[in-house]
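Q: One structure follows; several queries about it will come next.
The values are calculated or read from the model by the stated rules, or taken from the named source; none is laboratory data. None of the values given here were measured: they were computed from a predicted structure. All Cβ positions, glycine included, derive from the backbone under ideal geometry; neighbour counts span all protein chains shown.
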């Protein structure tokens with residue numbers, strides 16, 4: 001079962017909050033797309049004046065048309081700001097509640113494990129799970145889930161307008177989308193293994209630091225400061241190396257995807273201009 005599906009099943013008690021937050025995200029994106037449409041209508045008013053789109057709706061005078069556009073602009077910006085505040089509060093509260101529940105459940109589960117488990121596993125790995133892994137989930141709900149909803153809904157809305165205006169141009173503009181999606185999933189699959197290694201090395205470093213600090217009296221008694229400092233340096237260097245591998249790959253995602261977007265933009269520009 002996919003981890004996200006497991007998470008959603010686990011968080012059923014917060015389903016209502018998730019739906020409300022998703023609705024706020026969707027409404028925010030709708031208001032976010034509308035200003036671009038208003039710009040097109042405003043250009044139409046300036047160019048065509050009494051023969052504009054708004055004139056066909058019964059508002060003949062250009063001055064009245066511009067006043068209406070100004071009022072709509074205020075309403076749209078207020079609506080966008082309002083729903084951004086509402087979805088931000090909802091998603092963040094949901095993230096905090098889930099983070100608390102998962103941390104407590106994980107800790108209670110750890111307390112039930114036999115002592116042999118702690119002898120086989122590093123305490124640093126457990127700390128990484130109870131802190132960093134759960135914090136990553138919180139960060140996903142703080143911004144990631146909202147971004148997924150807004151990108152998906154924004155693509156549908158802009159695509160619908162694009163196809164309404166000119167089907168040929170819309171089709172050309174969307175050609176890079178499958179390549180972008182394939183590239184995103186390709187990078188994600190390879191980043192997952194690298195960040196697993198990062199987490200393991202982080203757990204090893206945390207374990208060694210924890211052991212050294214707890215046993216600092218023993219380290220000093222045997223005058224082993226330099227030896228332990230060398231062990232810490234080795235563990236930290238390993239952690240740094242694993243992070244560098246993940247950073248090199250993750251840093252390549254945006255430039256590669258930007259090239260695909262550039263191809264679509266260039267074709268759109270040339271075909272649209274002609």
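Q: Within the stretch 40-54, which residues are over 16 Å from residue 72 (Cα atoms) and part of a helix (DSSP H, G or I)?
A: To start, the set of residues in the stretch 40-54 that are over 16 Å from residue 72 (Cα atoms) comprises 46-52.
Within the stretch 40-54, 46, 47, 48, 49, 50, 51 qualify.
Q: Next question, about the same structure. Kindly indicate whether residue 242 is in a helix (DSSP H, G or I) and either under 29 Å from the mean Cα position of the chain (by Cα) or modelled with pLDDT under 80 (or both).
A: yes
Q: Restricting the search to the stretch 50-59, which residues are touching a helix residue (DSSP H, G or I) at 6+ places or on another chain (Cβ under 6 Å) and farther than 18 Å from residue 165 by Cβ?
A: Within the stretch 50-59, just 59 meets the criteria.
Q: Now, a different point. Could you check residue 183 against (1) within 19 Å of the chain's Cα centre (by Cα); (2) modelled with pLDDT under 80 and say which number it fails?
A: Single failed check for residue 183: (2).
Q: Being within 33 Å of the chain's Cα centre (by Cα) and surrounded by 12 or more Cβ atoms within 10 Å (Cβ to Cβ) narrows it down to one residue among 59, 20, 5; which is it?
A: 20
Q: Taking the stretch 40-73, which residues are modelled with pLDDT of 85 or more and closer than 23 Å to residue 153 by Cβ?
A: If the condition is that a residue be modelled with pLDDT of 85 or more and closer than 23 Å to residue 153 by Cβ, then 72, 73 are the ones that fit.
Q: To continue, here is another question. Could you say whether any residue in the stretch 153-162 is modelled with pLDDT of 85 or more and under 26 Å from residue 7 (Cα atoms)?
A: Looking for residues that are modelled with pLDDT of 85 or more and under 26 Å from residue 7 (Cα atoms), one finds at least one in the stretch 153-162, hence yes.
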